[in-house]
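No lab work stands behind these numbers, since they all come straight from the coordinates. Keep in mind the model is a prediction, meaning the values are calculated, not measured. Don't worry about glycine lacking a Cβ; one is built from the backbone with ideal geometry, like all the others, and counts go over all protein chains shown.
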Amino acid sequence: MDIQLETHDLTTKIERIGDHSHVRGLGLNSDLEPRPNADGLVGQLNARRAVGVIQKMVQNGQLAGRGVLLAGPPGSGKTALAMGLAKSLGEHVPFVSISGSEIFSIGMSKTEALTQALRRAIGVRIKEETELIEGEVVELIIERPAQATSTAKVGKLTIKTTDMETIYDLGQKMIDALTKEKVQSGDVIQIDKASGKVTKLGRSHTRMHDYEVMPPGISIVNCPDGELQQRKEVVHRVSLHEIDVINSRTQGFLALFTGDTGEIQSEIRDQINVKISQWKEEGKAEVIPGVLFIDEVHMLDIECFSFLNRAMETDMAPIVLMASNRGITTIRGTKHSSPHGIPLDLLDRLLIIATSAYTYDEVKQIITTRCLEESVDIDDVASGILAKIGTETSLRYALHLITAADCVRQRRKGPSIDQEDIRKVYTLFVDKERSTKYIEEQKGAYLFHEG
Ligand SMILES: Nc1ncnc2c1ncn2[C@@H]1O[C@H](COP(=O)(O)OP(=O)(O)O)[C@@H](O)[C@H]1O
Ligand SMILES: [Mg+2]
């Protein structure tokens, strides 16, 4: 089978101010020792040290097919730590993040959804030799067709290096590619001979006039020297899942844009695995096991767990990082209980990292970090009160009050959030304890109250 590869950049990520946008890494020094407050992370030193070891193991490719569990109470930074790991792994190590419940809401079987997630977390680096034409455009002539009946254009491209100059006849496809890139004489361009892809490298230095103003994003380059035609090694970075989708006949690679990939036949995956192993042996491809993060992992059921157990044993498996805030609870799909709702056989193969609740000082620092991230000013008394709320109710509740309190501050046009703003939002929005108490008091008025 011939495996297709596409080089389109399909992984543009959108960043916004989310719950964890202040987390920029794990905040470790070069000895993997955590600094008390760095990269947006505060405290939780033991867990950060442990995640740092995981990071090293991932980067050395030592942990493929293993599992790690972050276990701790809600709001103790499990998801934040996973995000910190994602940031510190660098852009070339795949990190895929899903939530346990997602598996059930996609229009495909649970195991197919898990398989796709696992394969998205495995990167493949493929080296390919291509022939390129690289030079400065001397002249580009595009002729209108002579007879009105024919619509195909023809043209000529004169292109040079400092050592040679050649004229190429152009067909319709090349003309379209050159027009799309708005190529004109004086541009230094690169043409991939196999795919016909045209890339503009910049404007030639020799063609620049003093009065020319360069549009942003266009650089000035030298006219290349040597041969016009060159062999170059290009590197494709894709995930196994992307290769699956591109090669699945029913979908085509457009499905990657819509995300509507449907189920992929297992024969296709088998063929791709064989091909990749072969390329690996020939030194053409390198497999980079990344990380699949499954948050709220207790939402998986017994079938998912047993599937994962098997999948982690195959030779192309990523590291599976899980997080759970459950104690001993029933495993979904069974009547049995186990720690974190994870079957014991799977639990047995996991490295477990415990996270614990934060102290008052740590909560205060996290609040300060979040205020900075949201560009919100808060005075010291107010952040102290918020920290107290954070330790006594929940960290998340306290963090959510920041935005609300800032709205109140804006309305009174104050310079920074003060004690009074916090008091206001604290009475406007109840935390879970007060909400529960309220329900108990008002139980007669609710439907289905179980007491
Ligand atoms: N050590 C920490 N340093 C900075 N921010 C943190 C830290 N721990 C948690 N947070 C922030 O507190 C909030 C709750 O933490 P989260 O990671 O969602 O908890 P969990 O996943 O354990 O329930 C998030 O906004 C998170 O980014
Ligand atoms: Mg979480």
Quick one: if you stick a label point 7 Å off each Cα along the C-beta vector at Met57 and His92, how many nm between them?
2.3 nm
What nm value, rounded to one decimal, do you get for the distance between Ala445 and Glu128 when each label is placed 7 Å out toward the C-beta?
6.5 nm
Counting pairs of alpha carbon atoms under 8 Å apart in space and at least six apart in sequence, what relative contact order in percent does segment 360-440 give?
30 percent
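Work out the FRET efficiency for Asp379 and Ile328 from their Cβ-Cβ distance, taking R0 = 41 Å, and round it to the nearest 0.05.
E(calc), rounded to 0.05, equals 0.40.
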What is the spin-label model distance, in nm, from Lys197 to Leu344 if the labels are put 7 Å beyond Cα along the C-beta direction?
5.3 nm
Length-normalised contact order for segment 127-235 - Cα pairs under 8 Å, 6+ apart - percent:
36 percent
Quick one: angle between helix 395-412 and the longest Cα principal axis of the chain, in degrees between 0 and 90, rounded to 10, please.
80 degrees
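Under the classification rounded if a/c is under 1.5, otherwise prolate if a/b is larger than b/c and oblate if not, where does the chain fall, given a ≥ b ≥ c as square roots of the Cα gyration tensor eigenvalues?
Here the chain falls in the prolate category.
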Cβ neighbours within 10 Å, averaged per peptide: list 354-360, 70-76, 38-44, 437-443 in order, most packed at the top.
38-44, 70-76, 354-360, 437-443
Using alpha carbons only, how many degrees (0 to 90, rounded to 10) separate the axis of helix 78-88 from the longest principal axis of the chain?
30 degrees
In degrees, nearest 10, the alpha-carbon axis of helix 302-311 is tilted away from the dominant principal axis of the alpha carbons of the chain by 40 degrees
Antiparallel versus total DSSP beta bridges in the chain: what percent is that, nearest 5?
65 percent
Which residues does the label zone of Gln419 cover in segment 378-394, counting backbone N under 13 Å from a point 7 Å along Cα→Cβ?
379-386
Residues of type aspartates and glutamates that Lys284 reaches as a straight line, Cα spacing below 13 Å, ignoring anything fewer than 8 places off in the same chain:
Glu128, Glu129, Glu233
Which of Lys182/Lys232; Lys193/Lys275; Lys56/Lys335 exceed 32 Å between C-alpha atoms? The answer is Lys56/Lys335
Return the FRET efficiency for the residue pair Lys437, Asp315: r is the Cβ-Cβ distance, R0 is 60 Å, and the value is rounded to the nearest 0.05.
0.65
With the convex hull built on the alpha-carbon atoms of segment 127-235, volume per residue in Å³ sits at 116 Å³
